[in-house]
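The block underneath contains the structure these notes are about, expressed in structure tokens.
We did not get these values from a lab; they are worked out from the coordinates using the rules stated. Every value quoted in this text rests on a predicted model; they were computed, and no experiment measured them. Counting neighbours? That spans all protein chains shown, and the Cβs are built from the backbone with ideal geometry, glycine included.
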Amino acid sequence: MMRAEEKRESGFVLMELLVVISIIGILTAGIAFSANDILPNYRLKSQINIILSDFRKAQQRAISEQVRYGIRFDDKNNKYTIFNDDDGDIKTKNLDKGLEYSEITFGGDKEVTFIPIGTADNGHLTLRNSNHQKYEIVVSGIGRIRLEKQ
């Protein structure tokens, strides 16, 4: 015969389940609110890397093909166009949602041109997100391209 102390029942009590479900709900709400801050920052970093890559590709193609390549920025429509002297406009790309150009300065206009020896127009491009976080791509006259966080 079993003693009363040895008899154990397994399973969850309704109160334990409610506590676990409440904790899961609180954690989910916290993650959802933090995603509102994380997503714009992710979009900005991703877009700035794409633009930086396009700068470097334009410079490399200008050197390898011995043709001027450039990137023209349209800050009113939040897009940019890659072009060259032989073919004209090659490709137009739109900025991700929630991003905009903060400042574009390349030799007085809104385009940077790489010549066949790799040099370029001196200037910079600043991109920002809805959280007002900014990154700047700086191009020197000798063709050096660098990224700076503002």
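For region 65-88, the criterion of a residue being part of a helix (DSSP H, G or I) and surrounded by 15 or more Cβ atoms within 10 Å (Cβ to Cβ) is satisfied by no position. For region 77-92, filtered to residues that are of a type in the set (D, E, K, R) and within 20 Å of residue 48 (Cβ to Cβ), the residue that is nearest to the chain's Cα centre (by Cα) is 79. Taking every residue in region 125-138 that is assigned to a strand (DSSP E or B) and pairing it with any residue that is surrounded by 17 or more Cβ atoms within 10 Å (Cβ to Cβ) and of a type in the set (Gly, Ala, Ser), at least 6 positions away or on another chain, the pairs with Cβ-Cβ distances below 8 Å are 138/123.
Scanning region 93-109 for residues that are among the polar types (S, T, N, Q) and within 17 Å of the chain's Cα centre (by Cα) yields 94, 102. Here residue 68 meets the list (1) out of contact with any Pro (no Cβ under 8 Å at 6 or more places or on another chain); (2) in contact (Cβ under 8 Å) with a residue 12 or more places away in the chain; (3) more than 29 Å from residue 130 (Cβ to Cβ) almost entirely, failing just condition (1).
I need a count of the residues in region 62-76 that are of a type outside the set (D, E, K, R) and either in contact with a Gly (Cβ under 6 Å, 6 or more places away or on another chain) or within 14 Å of residue 51 (Cα to Cα) (or both).
Taking region 62-76 as the starting set, the residues that turn out to be of a type outside the set (D, E, K, R) are 62-64, 66-67, 69-71, 73.
This time we only want the ones that are either in contact with a Gly (Cβ under 6 Å, 6 or more places away or on another chain) or within 14 Å of residue 51 (Cα to Cα) (or both), so: 63, 70-71, 73.
The qualifying residues number 4.
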